[in-house]
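The values are calculated or read from the model by the stated rules, or taken from the named source; none is laboratory data. Remember, it's a predicted structure, so these values are computed and weren't measured experimentally. Please note: Cβ atoms are built from the backbone with ideal geometry, for glycine as well, and neighbour counts cover all protein chains shown.
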Amino acid sequence: MISGIVLASGFSRRYGKDKLLQKIDTKTIIETIINHCVNSELDEIVVVYRKEEIKQLLEHYQLKMVRNISAEKGMSESMKLGIQHLNLNSEACMILMGDQPYFETMHINKMIAVYKREKMITVASGKGIRRTPVIFPSVYYKALLEITGDQGGRMIVDDPLNQKIFIEFDERQLIDIDSEEDLQKLL
C-alpha cells in the first residue's frame, strides 16, 4: 500500500492570504493537487490541514482529514501527523505539498512506479536539486516521527547512508506557489 500525505496546514505568510484557496482555472490550488492524488495510484490519501475552509472544501473526497493544531511548530509537525494516521499496511508514503498544482497524476504515478521497482527513497528533482514530493519506505517512518521544526524529511534524504533515487522533472511541474507573483506567472 502506497500512501500519500498532502501537507496543507501552512500559514501562507509570503502570499499574504491562504494560497491554497486561490483559484487556478475553476478549482482552488488545494483541490487541484487533491484531484491529481485521487486520480493517481496512491492507495490512501491523508490531508493535514489547519483551516476549517480546507476541510470543508475537501469533504466530498475519499480522504483522511487530520487537523494540525500545532502548525506553528513547522512542516515536521504536519508530516508527523500524516504518518501517525496512515493505514497500518502502508509500505511507503509520498509526502506532497498542497501548493504544487502542476505536479499532476502522471508525475505521481511515475514516482510510484519507480519506487515499486527500486524500493528506496524516491525523490523528485529539478535541475539536479532535491525537491518534493518524496516517497519514503516505511522503514523511515520512525526517523520521520523524530524530526522537529520546518525541515520535513530533508535530513533523511541527505544522509549518504540512505539509499535513494532521484527522478528529474521539469521546473514547472515542481513549482510551488509562495507568492501572488508566482501564481500570476503561472496563469
Answer yes if at least one residue in the range 74-82 is under 17 Å from Tyr140 (Cα atoms) and touching a Pro at 6+ places or on another chain (Cβ under 9 Å), and no otherwise.
-> no
Tally time: how many residues in the range 134-158 are in a loop (DSSP other than H, G, I, E, B) and either among the small types (Gly, Ala, Ser) or in contact with a Gly (Cβ under 6 Å, 6 or more places away or on another chain) (or both)?
-> 4
Report yes if Ser90 is in contact (Cβ under 8 Å) with a residue 24 or more places away in the chain and within 27 Å of Arg172 (Cα to Cα), otherwise no.
-> no
Among the residues of the range 144-171, which ones are aliphatic (A, V, I, L, M) and either in contact with a helix residue (DSSP H, G or I) (Cβ under 9 Å, 6 or more places away or on another chain) or closer than 16 Å to Ser76 by Cβ (or both)?
-> Leu144, Leu145, Ile147, Met155, Ile156, Val157, Ile165, Ile167
Residue by residue through the range 112-124, note down the ones that are at negative phi and over 14 Å from the mean Cα position of the chain (by Cα).
-> Ala113, Val114, Tyr115, Lys116, Arg117, Glu118, Met120, Ile121
With criteria (1) modelled with pLDDT of 95 or more; (2) farther than 17 Å from Thr132 by Cα; (3) assigned to a loop (DSSP other than H, G, I, E, B); (4) of a type outside the set (Ser, Thr, Tyr), Glu31 comes up short on (3)
Condition test on Asn162, is it more than 23 Å from Leu58 (Cα to Cα), exposed (fewer than 14 other Cβ atoms within 10 Å of the Cβ) and in contact (Cβ under 8 Å) with a residue 12 or more places away in the chain?
-> no
Within the range 133-144, can one find any residue that is over 14 Å from the mean Cα position of the chain (by Cα) and on the phi > 0 side of the Ramachandran plot?
-> no
Does any residue of the range 123-136 turn out to be exposed (fewer than 15 other Cβ atoms within 10 Å of the Cβ), modelled with pLDDT of 95 or more and not small (Gly, Ala, Ser)?
-> no
Going by the structure shown, is Lys55 crowded, with 17+ Cβ neighbours inside 10 Å, outside any loop (DSSP other than H, G, I, E, B) and among the basic types (Lys, Arg)?
-> no
